[in-house]
Amino acid sequence: MSNRDTATWLRERVWHASIPLEIRLHKADSSSYDSDAYLVHFPRLSYLAFLLPELHTFFYNDLIYPDVSWADAWLEYDGVPLKWHYPLGLLHDLYSGAAPVSAHDTSEEKETPSWQLTVHFSKYPEDQLVRLDTDGKHLRDLFTNNVKEADYLRNGTGRTMMFLGKQESQDLWEGVRKHDFNLFHPIYTQLMNPKGVALRHVPVRLYLPHAADPQAEEEITPGSVRVVQELVPLNTSSRQPQTVGSALNSIMGGLFPNKRLALVAEPVLHGATLPLDASVEDLMRTSAYCDGWLHIAFALL
Amino acid sequence: MSEGSSSAPASPGLSDDGQNAGEAPLTMEASTLLTTLPVDTKHALASAGKLPLSKVRIHVQPVAGATPLKTTVFALTSSHRFELLVQLLRKKLRLQPHESLFCYVGSVFAPALDETVENLWRCFKQGPNRELYVQYAVSPAFG
């Protein structure tokens with residue numbers, strides 16, 4: 001395949017990647033002893049909030065207070081409320097505990113086991129999650145601002161996004177909401193190839209897990225995820241194309257003392273270990289999330 | 001651009017108790033795994049990519065008719081969430097709970113409240129004083 005074919009193939013593979021979900025109603029909100037689970041294959045690039053109206057309908061007869069708004073619902077995995085502005089693929093990479101697939105993996109492609117989530121319709125964790133509204137306005141604002149921030153990093157002005165027409169902005173969002181590649185892709189391509197300005201930086205966010213400060217000797221307290229964001233130029237200072245390894249080495253040399261070899265943790269994107277020699281620009285063009293960011297999680301070695 | 005960038009930055013009058021530190025919780029399963037790591041690794045994870053500065057300078061600018069503040073430069077603890085700055089500005093502007101405040105970076109985007117001041121400063125600081133410029137308005141200003 002030519003480079004262009006490979007890029008298109010990858011872009012489509014990433015777009016169509018999905019994760020099987022098994023969502024159960026939390027027992028505090030359920031009037032029945034044993035309600036069914038809601039099963040769905042949901043796109044990695046999409047946002048869980050889009051599922052809420054359907055989840056509300058599905059669990060309506062099991063809910064203690066069925067007249068609650070779907071915008072009061074929230075999803076949780078193993079005690080962690082799942083953020084609305086993190087795409088599903090990132091949440092899965094961060095929290096599911098599933099081992100990432102690596103390029104050295106010679107075994108046949110395995111089916112991802114379903115990820116078991118819990119939906120709540122009460123006790124909204126206000127301190128941890130943004131409130132949603134039934135018009136979907138807050139979710140759209142969160143998405144749009146992430147797109148703008150990425151655009152600002154890419155070209156240093158943020159103008160490409162600001163100068164999109166009303167219809168184009170609408171198509172971009174509808175493309176995400178309906179997971180419609182034909183609506184989404186033409187606008188996204190404009191953002192990735194701004195007219196009259198050079199690309200400067202690749203929008204990258206790194207999500208690092210770390211243990212809590214030990215407070216009690218015996219008890220294990222929940223650790224946390226820290227987001228690290230730094231300017232990642234397209235080329236290194238020695239004018240070589242920036243690779244995943246060179247970027248990680250310059251942002252956190254303590255964790256990545258070597259540009260070519262992961263010693264402590266491996267970067268993970270879309271459920272796969274990222275090769276350290278991959279160019280960040282190529283990754284941005286083929287494998288970024290809908291908001292234009294490379295959201296990278298880490299698996300400990 | 002407003003003046004006052006060379007004056008000593010004011011310290012915000014909000015508690016620095018770490019409640020606003022920009023971190024999300026981790027699952028118990030992963031937390032348990034992390035406790036089994038060698039000390040060096042734990043340390044490398046906890047400190048990786050952290051800014052060597054404990055505080056960063058934020059320069060606030062009123063837009064779209066918002067009230068100017070006497071103090072325009074604040075020093076904020078770098079690990080705090082952007083939310084803390086929004087709370088601080090609300091307090092300084094004496095806004096009522098029903099009144100909105102919109103904050104932007106570079107007149108381009110409104111950061112999510114859980115973004116850290118550190119990350120924003122690192123990517124978007126400007127000028128000789130290396131300040132993060134934040135525009136604030138009481139109605140949406142940058143479409």
Legend entry - Check on A:Glu174, open to solvent by less than 10 Å² (accessible area, probe 1.4 Å), in a helix (DSSP H, G or I) and among the acidic types (Asp, Glu): no
Inset, instruction - Identify, by number, the condition in (1) open to solvent by 30 Å² or more (accessible area, probe 1.4 Å); (2) on the phi > 0 side of the Ramachandran plot; (3) of a type outside the set (S, T, N, Q) that B:Gly49 doesn't meet. - result: (1)
Inset, instruction - Can you give me the number of residues within the stretch B:121-134 that are open to solvent by 10 Å² or more (accessible area, probe 1.4 Å) and either on the phi > 0 side of the Ramachandran plot or away from chain A (no Cβ under 12 Å) (or both)? - result: 5
Legend entry - Filtered residues of the stretch B:99-115 (kept if among the aromatic types (Phe, Trp, Tyr) and crowded, with 20+ Cβ neighbours inside 10 Å): B:Tyr104, B:Phe109
Inset, instruction - Determine whether B:Glu118 is among the acidic types (Asp, Glu), more than 8 Å from chain A (Cβ to nearest Cβ), buried (at least 21 other Cβ atoms within 10 Å of the Cβ) and not in a strand (DSSP E or B). - result: yes
Inset, instruction - Residue by residue through the stretch A:15-46, note down the ones that are open to solvent by 10 Å² or more (accessible area, probe 1.4 Å), touching a residue at least 40 places away in the same chain (Cβ under 8 Å) and more than 24 Å from A:Asp62 (Cα to Cα). - result: A:Ala17, A:Pro43, A:Arg44
Inset, instruction - Within the stretch B:79-86, identify whether any single residue is farther than 19 Å from A:Glu149 by Cα, modelled with pLDDT under 95 and within 11 Å of another protein chain (Cβ to nearest Cβ), and answer yes or no. - result: yes
Legend entry - For A:Ser246: the one exception among (1) part of a loop (DSSP other than H, G, I, E, B); (2) modelled with pLDDT of 95 or more; (3) in contact with a Lys or Arg (Cβ under 7 Å, 6 or more places away or on another chain): (1)
Inset, instruction - Those residues that are open to solvent by less than 60 Å² (accessible area, probe 1.4 Å), more than 20 Å from A:Gln229 (Cβ to Cβ) and among the β-branched types (Val, Ile, Thr), I need them from the stretch B:55-98; list them, please. - result: B:Val60, B:Val63, B:Thr71, B:Thr72, B:Val73
Legend entry - Residues of the stretch B:75-93 satisfying the condition of being of a type in the set (A, V, I, L, M) and within 17 Å of B:Glu131 (Cβ to Cβ): B:Ala75, B:Leu76, B:Leu84, B:Leu85, B:Leu88, B:Leu89
Legend entry - Candidate set: the stretch A:112-160, residues that are without any contact (Cβ under 8 Å) to a residue 24 or more places away in the chain and not in a helix (DSSP H, G or I); chosen: the one least open to solvent (accessible area, probe 1.4 Å): A:Gly158
Inset, instruction - Kindly list the number of the only condition in (1) modelled with pLDDT of 95 or more; (2) surrounded by 15 or more Cβ atoms within 10 Å (Cβ to Cβ); (3) in contact with a helix residue (DSSP H, G or I) (Cβ under 9 Å, 6 or more places away or on another chain) that fails for A:Leu90. - result: (3)
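The values are calculated or read from the model by the stated rules, or taken from the named source; none is laboratory data. Small disclaimer: the values here were computed from a predicted structure and weren't measured. Counting neighbours? That spans all protein chains shown, and the Cβs are built from the backbone with ideal geometry, glycine included. Heavy atoms of the whole protein, side chains included, go into the accessibility calculation; ligands, DNA and RNA do not. Shrake-Rupley method; radii C 1.70, N 1.55, O 1.52, S 1.80 Å.
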